[in-house]
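Working notes, beginning with the structure itself.
Rule-based calculations on the coordinates, nothing more; no lab input. Small disclaimer: the values here were computed from a predicted structure and weren't measured. FYI the Cβ positions are ideal-geometry reconstructions off the backbone, even for glycines, and counts take in every protein chain you see.
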C-alpha cells in the first residue's frame, strides 16, 4: 500500500510519515519529496509541469514498491489534484492500495514553523513558484484522511493514519507513545 501525505510546505507531512514508519513492521519505504528531488528528480524546477513530473515519478515508484509488498509513505507537497489522481490510478492499475492523507495545516502555521526559511525567501522574491505564496495548492476533495497538525500532536496524527490502514495497528501504536508536536 501507499500512504500519500500531501499538504503545504512545512505542514508536517514528513514528520508524520516518519512517525508512522517507526510504528509499522515489515518492508517499508519513506519517499520524501525533498530527498527525491535531490536524487531522482535533480534538475526539475517548480513549474507546474516540473511539479507534475516529480509527483508522477514518485507515484510510479511508489506503485511498483506497493504492488510488491512494500508499505510506502510518500510525503510530497503534490499541489495539483490532477497529478494526485493520476498517482491513485497508477496504484489501481498496479493492484495496490492507495490512501490520500491531506495534512491540512493553515498557511500561517506552515510559515511560522518554516525551519528552512523558504516562505521568507518566497515572500522576498528569492524563490519563484512557491506553493501557497505564488502557486496554488489544490486541497484534496475527498481524501481518505484529513489531519490538522496545528491542533494535534505527531503521535495523534500518526495514530490516526495507522487507524486508517488498520485499527489493530493503531491501538498498538498509540499505547505508550510519547506525545510530540507536529
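For the reader, a short list of remarks on this structure follows.
- Choice from 124, 94, 158 with maximal GNM fluctuation in the chain (Cα, 10 Å cutoff): 124
- Virtual paramagnetic centre 7 Å along Cα→Cβ of residue 21, amide N under 13 Å, in the stretch 56-99: 71-76
- With contributions of -39500 (n - 2.57) from each DSSP H run of at least four residues, the per-residue ellipticity at 222 nm computed over the chain stands at -13500 deg cm²/dmol.
- A full extension of the chain between residue 29 and residue 112 corresponds to an added length of 27.0 nm, given 0.36 nm per residue minus the alpha carbon distance.
- Residue exposure proxy: 101, 70, ordered by other Cβ atoms within 10 angstrom of their Cβ from fewest to most, comes out as 70, 101.
- The stretch between residue 42 and residue 166, if pulled fully straight at 0.36 nm per residue, gains 41.1 nm over its current Cα-Cα span.
- Packing order of peptides 3-12, 109-118, 35-44, highest average first: 3-12, 109-118, 35-44 (average count of other Cβ atoms within 10 Å over each peptide's residues).
- GNM remark for the chain: springs join alpha carbons under 10 Å apart, and the peak mean-square fluctuation among 49, 163, 150 falls on 49.
- GNM remark for the chain: springs join alpha carbons under 10 Å apart, and the peak mean-square fluctuation among 63, 78, 151 falls on 151.
- Prolate/oblate/rounded call for the stretch 16-76, Cα gyration tensor, a/c under 1.5 rounded: prolate
- Space enclosed by the convex hull of the alpha-carbon atoms of the chain, per residue, Å³: 108 Å³
- Secondary structure note: in the chain, about 5% of the DSSP beta bridges are antiparallel.
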